[in-house]
Every structure is written in C-alpha cells, then in structure tokens.
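Have a look at the structure below, then the notes.
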Amino acid sequence: MQITIHNKQRKYDTAHLQTTVEEAVKRTLAYLPEVEQVMSEYEIDFSVEVSFISKDSIRTLNREHRGIDRSTDILSFPAFEWKEGRLAEDIFPWLPSDPEGTASVSLGDLLLCLEIVDKQAEDFANTLEEELFFLVVHGVLHLLGYDHELPADEAKMKALQESIVSGDSAGRMLPCGYVVLAGRPNVGKSTLLNYLSGMTLAITSPKPQTTRDLIRSVYNDASCQIAFLDTPGFHKAKTSLGRAMLKSARVAIRQADVLLLMIEASFKPFVADLEKEILEMAAEDDTAVILLINKSDIVVKENILPLIAAFSQAYPFKAIIPITATTGDGVEEMLEEVKQHLPIQEAIFPEGEETNVTERKLAEEMIRREVLLQTQKEVPFGVAVVIDEFTEESNPPETRRVFIAATILCDKASHKGILLGRQGQKIKSIGTDARAAISEMLEAKVHLELFVKVRQNWMNRPQDLAELGLDSKTVELP
Ligand SMILES: Nc1nc2c(ncn2[C@@H]2O[C@H](COP(=O)(O)OP(=O)(O)O)[C@@H](O)[C@H]2O)c(=O)[nH]1
Ligand SMILES: [Mg+2]
C-alpha cells in the first residue's frame, strides 16, 4: 500500500501530517476486506494520492467537477467504480500488462484544503490532526463507493466512519449475509448445513420432505459471517403443509444474499422445472447463485461434465462446484466463492445466536426422523411430533438427566396401528433409537415416553398447522 502526498500550497507546513494521513488511509482500507481480496486476486498493490491544495484551487475544482462554486474541505476522485466497499467494475483492462514485480494501481485522488480543515478543527474543538484524520477516512470511503446523498446511505457512511476513527472493532465491516440452500428434496441440503455447523441441527434421511421449516446455522470466521439457511425441498405440494413448506422456501430464496442451488451429481444433464422455477426467482431479484453438485462421491468425475454443461448454458452461475456434503469435499471452495458475493456490512448475529434450533425442537425432530426411517409409504409423511414435557432433573448426580414425553400425531386411524406395531414392537423400536439419538445430542441420560394419537387430516387444517408451528402465515427469516 503506497500513499503519496503532494504539497501544492504554501500556507501550512505539511511534513508532520504525513503519518496522520497514512494512518487514516491504512485504517480505512483495513476495515473493508474486499480491498485486500482484490489486491491478492490481481497481485497488485493499491495506492492513494493525497494532495494539499490552496483554497482557490479547491474552489476551481469544485466548480468544474461538481458545479459548486465554493471552496470545500476535501474532494475525492475515485479511479474505479466501487459500491459500498465492493468493486463494481472489471478492473482487469486497466491493469498494467506484464508489470515487473507487483504493480501499483491508484484507487484515486484526495484533494484537501488545509486552510478549511484548520478552520473546521477550530469550530469542532479538534486538533488539526484529528480533523485531518477524520476527513481522510471520509475521503477514502468515497473512493470506495460510499456516499451520503440519501439519508440511509449517509447514516451507514457516518456509522462506518465513526467506528474507523474510534478504532472500534465491534462494528467491523465484513462480508456478511444470508446464504440460502435450495433445491429439490433429498439432494443433501440438510447434510451440508450440519457439516457446516459441526453438529446436527437439521435431521436428514433418505426420504424426501424431511426438513419442514427454515433452519439457521451461522458460520463465523475471522473474515466473514455467513447465516446459512436450510429450506424444505422444492416439490409439487399436495397438502396445506406442503404449501406452507414451499412458501417458507420461497420466502428464504427471495431474501437470500447468495443462493446455493443444490443438485445431485447423478441427475440427468438437463435443467428440470423445479430448478428452473428457483432460478427464475433468483434472476428476478438479481441474486448471485452458485450451483452445488452434491454427492460427487457416487459418480465418476467425467459423468459430471455434461451436467455442468447443461446448467452453465441455462444460467449465469457465479460458480459451479462439485461437493460431497457428507465429507466436506469442496466446502472450502464454496465458502471462498460465497464470501466474494456477500454484502459488506456489520455482523448480524451476536455470539450465542448461531442457530434458531433449540434442544427441545431437535428432540422433536429426532423422534420424527426415527418415524421416517422405520415406517414406509405415506405413513411417515403424515406424522408430526409434539413434545408434551421436557424437564431437566435439577441437581443431577453427575450426568445430565432429562425427562421427555412426546406425542406422535398421525393423520389416519390406520396409521396408528402401523406406528404401534404388533404388540407395540414398532413404537418401542422408534423410542429406543430416538432416545439414543437424543441422549447423544444432549449428552444426557434421557427418559423418553411416546404416545400415538390420530388427528385426522391435520396436514390440511390451518388450526392444526398453526398449533404445530408449521403454518405459513408469518414466515420470516430466522
Ligand atoms: N453419498 C452421499 N450421500 C449424501 C451426500 N449428502 C447427503 N447424502 C444423503 O442424502 C440423503 C438426503 O440428505 P438430506 O440432507 O436429508 O437432503 P435434503 O432433503 O436436501 O435436506 C441422506 O440419506 C444423506 O445421507 C453426499 O455428499 N454423498
Ligand atoms: Mg433437508
């Protein structure tokens, strides 16, 4: 990073201001991660030109470039188009070809009038250095696409400016936003979410429609914060429940900062209607989409090529990445790509709010997962689980002890018999496996009591769906 200072006025001695200017430029650039990213991607070094000019000169420039016939404290002339800390044009054509060593590329010019800076310092009871620091930060933010024409932009720029000046790391700007996992049922969305969170937040199974609502898992590292959202699979809905599931997937897709469309490596090489529908929504909203080709462990590499060809012809994906959600193959590459397309803003989720899934909710889902695994045909799809009691033994001897009572609701009388099984064998087996899974999740001794009840046609009754928290009236991003 090179900061060049040109002194083109005679009223003020500027030698001692060099460090103030350098520190202000460096600190501002360090706050906006894309600057570093762009430098390393193109192997360049950004520079900033700072000139101190006279009151008359700044007035002339202000008139010529902005039509304002008045002197002013600072003028910024960006070299490239940036939008709020993100590069908004292709700079490649402007880079020196074949430079020796790392090429220095100017971000733009800052022109300052020290006479006015000095006057303002007095008005605000600041030292000249403090006022200069503040203005250079302001000017560099202009170079990087921040402005204050609209009130909302002004507030954003001001907050950012203040946290840079105060050196406050709490309000640090970083790539941050909602990344939504979408695709048809069973492609491995929940498996990827679990891999990213390092634990089970969403139950998975070989059956479609395992996930019924939106599940958040926030991924944090030093350079970004990503809220991954798992969504119910896109399918042709036949019940009110199915429509509610679709609605929540749609709400999430429409609000995504980045969309991950997941397909399977074994798919035929054409873009089917469900995927088309998702891509149409993304196109309307101009959302960045990355195609993830999951389960690449079960096909030979060459077989993925026709799939890549078919999809890349159908849509301008930001990237197409084969992954294996079960092992995490390709996940690093996906994260790097996602970061490139997230807005740069303050972190959204404080520590401790990484997920919206509670232990109670997960216990419920783990029981439902056993039903999905241990029953066939339409039985598992008509089941909902309600936790009636979830009590923790206070003062447990050593390990945690939890008592859980839950009801399995099914939508047909005939299903109840199937769920209970001959001499209660089925429900016993469901209970044993669910208890083991919940016990592992809670790291606790678990006592589980299960009941089966029929609630006919609950999947189509608004009041039942509302009671189970599965209605679609108030879908919001979690
Ligand atoms: N072989 C293989 N199986 C996977 C992979 N990812 C997910 N699965 C399996 O695919 C099935 C569906 O996964 P799930 O995450 O529930 O899919 P979802 O409906 O998209 O959320 C489960 O049985 C997973 O174990 C993968 O990368 N490779
Ligand atoms: Mg799922």
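Geometric descriptor of the range 239-293, per residue, is 90 Å³ (volume of the convex hull of the Cα atoms).
Helices of the chain meeting both criteria, an alpha-carbon length of 15 angstrom or more along the long axis and an average Kyte-Doolittle score not below 0.0, with helices taken as full DSSP H segments, are 128-143, 240-255, 304-314. Reported to the nearest whole Å, the Cα centre-to-centre distance from the range 265-332 to the range 377-428 is 38. Mean separation of Cα pairs under 8 Å and 6 or more residues apart, divided by the residue count, gives the chain a relative contact order of 12 percent.
Measuring max minus min along each principal axis, the C-alpha atoms of the range 1-142 give extents of 45, 31, 28 Å (largest first). With a Förster radius of 25 Å applied to the beta-carbon distance between I298 and S429, the computed FRET efficiency rounds to 0.30. When the listed pairs K268/K453; K11/K83; K156/K276; K83/K236; K268/K377 are checked against a 30 Å cut-off, the alpha-carbon distance exceeds it for K268/K453; K11/K83; K156/K276; K83/K236.
Output the peptides 240-246, 398-404 sorted from most to least packed, where packing is the average of other Cβ atoms within 10 Å over each peptide's residues. Let's see the in-between values first.
On the way: 240-246: 20.6, 398-404: 14.9.
Ranking, from highest mean packing down: 240-246, 398-404.
Based on protein heavy atoms only, the chain ends up with 49 Å² per residue of surface accessible to a 1.4 Å probe.
Dividing the mean sequence gap of close Cα pairs (under 8 Å, 6+ apart) by how many residues the range 174-346 holds gives a relative contact order of 27 percent. Here the range 327-478 exposes an accessible surface that is 47 percent carbon and sulfur, computed with a 1.4 Å probe and the other protein chains kept in place. Is the chain rounded, prolate or oblate when judged by the Cα gyration tensor, a ≥ b ≥ c being the square roots of its eigenvalues, rounded requiring a/c under 1.5 and prolate requiring a/b larger than b/c? It comes out prolate by the Cα gyration axes. Please give the net charge around Q18, taking every other residue with its beta carbon less than 13 angstrom from that of Q18, where Lys and Arg add +1 and Asp and Glu add -1. The answer is -3.
For the range 2-170, the antiparallel share of DSSP beta bridges with both residues in that region comes to about 30%. Given axes a ≥ b ≥ c from the Cα gyration tensor, I'd like to know whether the range 174-346 is rounded (a/c under 1.5), prolate (a/b larger than b/c) or oblate. Because its axes are fairly even, with a/c under 1.5, the range 174-346 counts as rounded. Potential lengthening of the chain between N220 and D13 amounts to 69.9 nm, from the contour at 0.36 nm per residue minus the alpha-carbon distance. Neighbours of R66, meaning other residues whose beta-carbon lies under 13 angstrom from its beta-carbon, give a summed charge of -1 when Lys and Arg score +1 and Asp and Glu score -1.
Ignoring aspartates and glutamates fewer than eight residues from K26 along the same chain, the ones with Cα atoms less than 12 angstrom from its Cα are E36. Surface composition of the range 2-170: carbon and sulfur make up 48 percent of the accessible area, probe 1.4 Å.
Computed over neighbours whose Cβ is under 11 Å from that of I418, the net charge equals +4, Lys and Arg +1, Asp and Glu -1. Between the range 190-216 and the range 85-151, the C-alpha centres lie 45 angstrom from each other.
The values are calculated or read from the model by the stated rules, or taken from the named source; none is laboratory data. As the structure is a computational prediction, the values presented were derived from the model and not from experiment. Virtual Cβ from ideal backbone geometry, glycine too; neighbours counted across all protein chains shown. In case anyone asks, the SASA skips ligands and DNA or RNA and just uses the protein heavy atoms, side chains included. Shrake-Rupley method; radii C 1.70, N 1.55, O 1.52, S 1.80 Å.
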